[in-house]
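Everything below concerns the one structure shown next.
The values are calculated or read from the model by the stated rules, or taken from the named source; none is laboratory data. Since we're looking at a predicted model, the values are computed, not measured. Every residue, glycine among them, receives a Cβ derived from its backbone with ideal geometry; neighbour counts consider all protein chains shown. Note: areas computed on protein heavy atoms with side chains; ligands, DNA, RNA excluded. Shrake-Rupley method; radii C 1.70, N 1.55, O 1.52, S 1.80 Å.
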Amino acid sequence: GDVGISALASACANGALPALKGLRLYANQIGNVGISALASACANGALPSLKVLSLEDNQIGDVGLSALADAVSKGALPALQDLRLSGNQIGDIGLSALATALGSGALPNLRWLGLQNNKISNVGLQALSEALGKGALASLQELWLQDNQIGDTAMTAFADAVGKGALASLEKLL
């Protein structure tokens, strides 16, 4: 839960686990408080070697993803290649914050982004599509969007970005 991940974040902020490459915290009842603590630690240089961050099936919402987006916009998690956020409570505000960070060059090495089974609708996917149009996620190979509330408007914006060359490395779109 939030207390446990906050304790781990504190240890990492104090220099623990500098070589950690994978952090998989699937289904651990982590919410906005916990992910915000982890994001704060990362913004201060913790986990510089992390390549995989799996936070699937937790209770992370817009506030938590916005905190993580703020951290990565400041250069946190420079080695990250795999970000799994499926099965949370992320909506348009959180995805828009992440899209803004991605559009400004954050997470250039990301190859896998899992956003399925959240509360994302047109606004969130349109924000991501705008970031893609700016060249974000050029290395992305897999994007998981299923089981959200995405409609025709956003999918059309997404298709426009892809049609203009975004996501040229993409191998799987679900």
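Roll a 1.4 angstrom probe over the protein heavy atoms and tell me the percent of accessible area of the chain that is carbon or sulfur.
51
I'd like to know how segment 79-151 sits against the 2.2 N^0.38 Å rule of thumb: what's its Cα Rg over that expected value?
Relative to the 2.2 N^0.38 Å estimate, segment 79-151 comes out at 0.99.
Taking only the alpha-carbon positions of the chain and ignoring solvent, what does the Debye formula give for the base-10 log of I(q)/I(0) at q = 0.16, 0.17, 0.18, 0.19 Å⁻¹?
Values, matching the q order: -0.86, -0.98, -1.10, -1.23.
Compute the long axis of helix 2-13 from its Cα atoms, compare it with the longest principal axis of the Cα atoms of the chain, and write down the angle in degrees, 0 to 90, nearest 10.
Between the helix axis and the principal axis of the chain, the angle is about 80 degrees.
Per residue, how large is the accessible surface of segment 104-166? Use a 1.4 angstrom probe and give square angstrom.
Solvent-accessible surface per residue comes out at 46 Å².
What does the accessible area per residue of segment 1-50 come to in Å², with a 1.4 Å probe and no ligands, DNA or RNA counted?
49
Any idea which of PRO108, ILE90, GLY133 is furthest toward the positive side of the dipole for the chain, if Lys and Arg beta-carbons carry +1 and Asp and Glu beta-carbons -1?
PRO108
Where does the charge balance sit around ASN122 when Lys and Arg score +1, Asp and Glu -1, over other residues with C-beta under 10 Å from its C-beta?
Local net charge: -2.
With +1 assigned to the C-beta of every Lys and Arg and -1 to the C-beta of every Asp and Glu, and no other charges, what is the dipole magnitude of the chain about the Cα centre in debye, to the nearest 20?
480
For PHE158, what charge total do you get from the other residues with a beta carbon under 12 Å from its beta carbon, if Lys and Arg give +1 and Asp and Glu give -1?
The answer is -2.
Once you compute Rg and the Kirkwood Rh from C-alpha atoms, what is the Rg to Rh ratio for segment 1-92?
Radius of gyration relative to Kirkwood radius: 0.92.
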